[in-house]
Amino acid sequence: MALRYEAGHRLFKILVLLVVIFAAIGGYIAWDRGFREHPQPDWVHATAEMRFKYGSLGAENDAGIPYWIFYVLPRMFPEKLPGPGGYAALGVPWEEGQELPVGFTKKTIGFPRVGNNCAVCHTATYRTKPDEAAVFVVASPGHTTNVEGFFRFLIDCAKDPRFNADNLMSEINLVTKLDLIDKALYRFFIIPITKKRLLQREAQFAWIYRKDFPEWGRGRDDAMNLTKYFMTKQPMDDTFGPTDMPSIWNLQKYKADQGMFMNFAGDSHDAYSVIMDSALGLLGAPPAHKQDFLDQVAWLHEYLGKLPAPKYPFVIDAAKADTGKEVFAKNCAGCHASARTGTPIPLAEIGTDRNRLDSWNKNAAVIANKVVTDMGLQRKGLVEATLNGYIAAFLDGIWLRAPYLHNGSVPSLRDLLEPAAERPKVFYRGYDVYDPIRVGFVSEGREAQLAGTRLDVSQKASGNQGHEFGTTLRPAEKDALVEYLKTL
Amino acid sequence: MNEFSDAQPTSRWRRRFFVLLLLVVVPLAVIGLYLLQRFGGDTPVDYASNEEHFKYGSTGGEHEMGFPYWIWRALPQVCPEHLPGPGYESVGMIFEPGKDVPVGTSKRRYQGVDRVFLNCAVCHTSTVRTDKSKAPIVVTGMPANNFDIMAFQKFFFACAADSRFRKEYVMAEIDRLGANLDLLDREVVYPIAIAIMRERVLTLAGRFDWIYREPNWGPGRVDTFNSAKVIFNFPMDVLPPKELAAPADFPSIWNQKPRQGMSLHWDGNNSLVEERNKSAAFGTGTTPPTIDTGRIKRVEDWLLEAKPPKYPFPIDATLSAKGGAVYKQYCAGCHGASGSDFSGTYVGKVTPIDEIATDRRRLDSYTTELAVNQSTLYAGYPWRFTHFRKTFGYANMPLDGLWLRAPYLHNGSVPTLRDLLERVDARPKVFYRGNDLYDPVRVGFVSNVPDEDGRHYFEFDTKVEGNANVGHTYGTELGADDKAALVEFLKTF
């Protein structure tokens, strides 16, 4: 009896030990292959510009797409992209030789994942003629990027019944050799969980599928609605206010203590708040590592604070620009180079499209600020007030910030100097060949149509009215003024 | 008490149990071992000499794309009307004596099936006849001037879509070939293989449906980079029209060592030999997990030093020396000092399209969108592609073995060297490609013969999209004597 008990006891002990060992091994594997963080390779942080383009902000934790799923989706579902070219069809800036487009970050958290950083919407490409390689300019408006197309693509893929473990695994097996553990993880966890998460986005992103709203098109996003629906979780309303991606160089020019505000309607108090809120938008969740996140925001604040605007790449007629400078002083400086710059101008005075204003409200600001405070993050934050105008813009690097007005409804500077009725009614956004005559990107013609997305100013939120300052100048004065603007 | 009486039945049952176990386990183990031995291996056919390895060795493409050996053998008889003539010879493949498969195909036994697929030599080996009465000589590394890869592809696509591509028809032809398949192959392996192959070829046919919208490439040419778009499953039906109809000549591939770092491919879109090689190997059916890097490296190493054969006709030394001076003045800067010395200011660099002014469709077929997608190839491997770049012109090539590289220009639109030295309007507007008989007078292959012994050569019309014979007008204003001298000198390359 005692013997048997002892033998049984020993057996029990061994069993327990085995269970513990297996659990420990299983736990280690789960941690190692599912959650263990590896730093990005050194080349990512080799220069400040590389870090801005490819450095992780931590978005891979919650918003990240598992690398191999990200890799095979364009091959499996090319028909869900706006054209041929895989992710390149979305106009994302993509440097030759790079594994991922600018603004896409690869980080291994258990398994390689792809997230985004600021650069995806804030890197421009331009060419001085069609037959040449593009120049990449960081912190510029990402005028080619089709953000809405990217959101839709991922959701549309997840909704397709062909998005299942069998099909994805067979595509993945064509391009890489995963070991047994990774294969099992992908098949039983990563693929089903990714599908579920992407499908959840469908409800959150309901408004990007609305038939009564036009497409954002390349280079625009409905930024305040994104914030409203994701950060404050408010129910969908009927507002729609897509705006151009802004340039984010030289952010130190915004002096909060001099009554300046940031974002098109002055929605935010200062650059630090805008960077933090935008980064939180990319993370899609509270930061997994708070201190690391704060360090990233501080670095971006420092880097973007001092980064200068890029120089105009064509020859400038200096004499003409001098004449233009006088025209500018008389007609433009009052708002764009004065104490008014960076401060809100009432809508009644500026007269541009009001939809962007309507897409945000005081209540949303209050809730959003609380959400961020509850994460334990400190910043001055969003302006808790009813806003009724647009900020008078600083014009540094204005040449690369086409199309113009907050909603990108006017293709070139020269067009902006025409009365609203005579500005182009339909044009194409997102082609990166520059037009030094009209000063903006080429927005008409076959190539612009092929590459770009159509903008019709009669569509909701895309009105090109208002800001008719300078439209009564003589043509020679307009030309001179535009020449001067190239120097900024 | 009970102990004793219990013990006996227990041990008897135990014995019975073991016997039963043996009866079940042993046969299962034997069957298992047999199946493992039969279906477990992965054995390519290897060759001792490097040149044989180039012609018949494996790149690893049979893993993913390999056609089961006997199906490969049977198909020309199953679907004869989808070929221009009898057998694979009719699309320009070369059969050497004693070989059961043509040059440019390799064999590998994988998952219990002998498989056949293409290797580098299919597009980079051809034949030359120095006289109508002489037998053709096989030359490795030269452009496969007679291989019609479009007809080859269309044959498989059409045959897979044909109602006869099923086991009844295919097995009958396999039997007729004397395959003597055993029961397992006949009843299980081959029926499954036929079904799988049909499905795969039809999938491929869907992805390659754009080739039916392109003018015939004819022998010796391929639309390289539209084919590359298929790797990414680009929706080819919505490609901008200017990207399509971009056939290019197969290049010669000797002397790769001095080419390292030069702008490779006709438009110079890559500068790393190994990466260019792996890119080309996609055409032999390889995928990143299944490529046979060791055997590709063997080809790669051999090509570093491989040399073109010497010009087989007499060369007038005096005339050639005179031509050398002309060459030095007009050509050497872009094309190198000689056929073996590739030094020169502009050698291996891209000349802008406005300056070279040759047909631009091949240039336009390669896009920035494709280049960036190519940099995702071999992701996760140390040799991920990083060197593809969109260019805006065509690359200046070294001219080693130039005599074998006719027709000339990237699209093979000018039949002979002598024609290339004529003004554009005096170059032949229509000529015939695919003849391996050499013309030592004009220096190129015979191009004015539409057919010979029942064999029809490809009518090349320079008016067709992608076929323009314009541009590269260097040397066209030289006097007739200088042109003759220059051509004589080029024979020494």
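Coordinate-derived values only; no laboratory data. No experiment lies behind these values; they were computed from the predicted model shown. In this analysis, Cβ positions are derived from the backbone assuming ideal geometry, glycine residues included, and neighbour counts consider all displayed protein chains.
Computed over segment A:1-107, the convex hull of the alpha-carbon atoms projects to a mean area of 11.2 nm². Can you give the log10 of the normalised intensity I(q)/I(0) at q = 0.05, 0.06, 0.10 Å⁻¹, computed with Debye over equal Cα scatterers of chain A? So the normalised log intensities work out to -0.22, -0.31, -0.78. For the cross-link pairs A:Lys80/B:Lys242; B:Lys229/B:Lys278; A:Lys80/B:Lys278; B:Lys257/B:Lys328; A:Lys80/A:Lys195, the ones whose C-alpha atoms lie over 25 Å apart are A:Lys80/B:Lys278. Within segment B:334-474, the proportion of Cα pairs with more than 21 Å between them is 54 percent.
Treat the count of other C-beta atoms within 10 Å as a stand-in for reagent exposure and order A:Tyr54, B:Tyr47, B:Tyr378, A:Tyr303 from fewest to most.
Going from sparsest to densest Cβ surroundings: B:Tyr47, A:Tyr303, B:Tyr378, A:Tyr54.
Let me confirm one metric for peptide A:171-177, namely the mean number of other chain beta-carbon atoms within 10 Å of its residues' beta-carbons.
For peptide A:171-177, the averaged partner shielding equals 5.
When only alpha carbons are used to place a centre, segment A:54-118 and segment B:387-465 end up 43 Å from one another. May I ask for the percentage of alpha-carbon pairs in segment B:169-223 that lie more than 19 Å from each other? Roughly 52 percent, once rounded to a whole number. The value given for the protein assembly as shown is a Kirkwood hydrodynamic radius of 32.5 Å, derived from the mean inverse Cα-Cα separation.
For segment B:14-163, the C-alpha radius of gyration divided by 2.2 N^0.38 Å, with N the number of residues, is 1.45.
Taking packing as the residue-averaged number of other Cβ atoms within 10 angstrom, the listed peptides A:222-230, B:466-474, B:182-190 run from highest to lowest as A:222-230, B:466-474, B:182-190. The convex hull of the Cα atoms of segment B:75-141, projected and averaged over all directions, covers 6.0 nm².
Using DSSP, restrict attention to beta bridges with both residues in the protein assembly as shown and report what percent are antiparallel, rounded to the nearest 5. That works out to approximately 95 percent antiparallel. The relative contact order of chain B, computed from alpha carbon pairs under 8 Å that lie at least 6 residues apart in sequence, is 16 percent.
Phi angles across segment B:375-384 convert, under the Karplus curve 6.51 cos²θ - 1.76 cosθ + 1.60 with θ = phi - 60°, into 3J(HN,Hα) values of 6, 9, 5, 6, 4, x, 10, x, 9, 3 Hz, Gly and Pro given as x.
Loop-located trypsin sites (Lys or Arg not before Pro) in segment B:463-493 (DSSP state other than H, G, I, E, B) with a sparse environment of at most 14 neighbouring Cβ atoms within 10 Å: B:Lys463. Estimated from helices alone, the mean residue ellipticity of chain B at 222 nm is -11000 deg cm²/dmol (sum of -39500 (n - 2.57) over DSSP H runs with n ≥ 4, per residue).
Cysteines of chain B lacking any other cysteine Cβ under 4.7 Å from their own Cβ: B:Cys120, B:Cys123, B:Cys331, B:Cys334.
Residue order for A:Thr471, A:Thr243, A:Thr386, fewest other beta carbons within 10 angstrom first, comes to A:Thr386, A:Thr471, A:Thr243. Using θ = phi - 60° in the Karplus curve 6.51 cos²θ - 1.76 cosθ + 1.60, the 3J(HN,Hα) couplings for segment A:469-476 round to 5, x, 6, 9, 5, 6, x, 5 Hz; x is entered for Gly and Pro.
Quick check on chain A: of the DSSP beta bridges with both residues there, what percent are antiparallel, nearest 5%? Of the beta bridges lying entirely in chain A, close to 95 percent run antiparallel. Considering only A:Pro475, A:Cys157, B:Phe117, whose Cα is most displaced toward the positive end of the charge dipole of the protein assembly as shown, charges sitting on Cβ of Lys, Arg (+1) and Asp, Glu (-1)? Going by the charge dipole, the pick is A:Cys157.
With +1 on each Lys and Arg Cβ and -1 on each Asp and Glu Cβ, and nothing else charged, work out how big the dipole of segment A:399-488 is about its Cα centre, in Debye to the nearest 20.
Numbers: 12 positive and 12 negative charges, 41 e Å.
Dipole about the Cα centre, nearest 20: 200 debye.
Built from the Cα atoms of segment A:77-155, the convex hull projects on average onto 6.1 nm², one quarter of its surface area.
Evaluating 6.51 cos²θ - 1.76 cosθ + 1.60 at θ = phi - 60° for every residue in segment A:78-95, the Karplus couplings come out as x, 6, 8, 9, x, x, x, x, x, 4, 4, 5, 8, x, 5, x, 9, 7 Hz, glycine and proline recorded as x. For segment A:394-485, the share of alpha carbon pairs falling in successive 10 Å distance bins from zero is 18, 51, 29, 2 percent.
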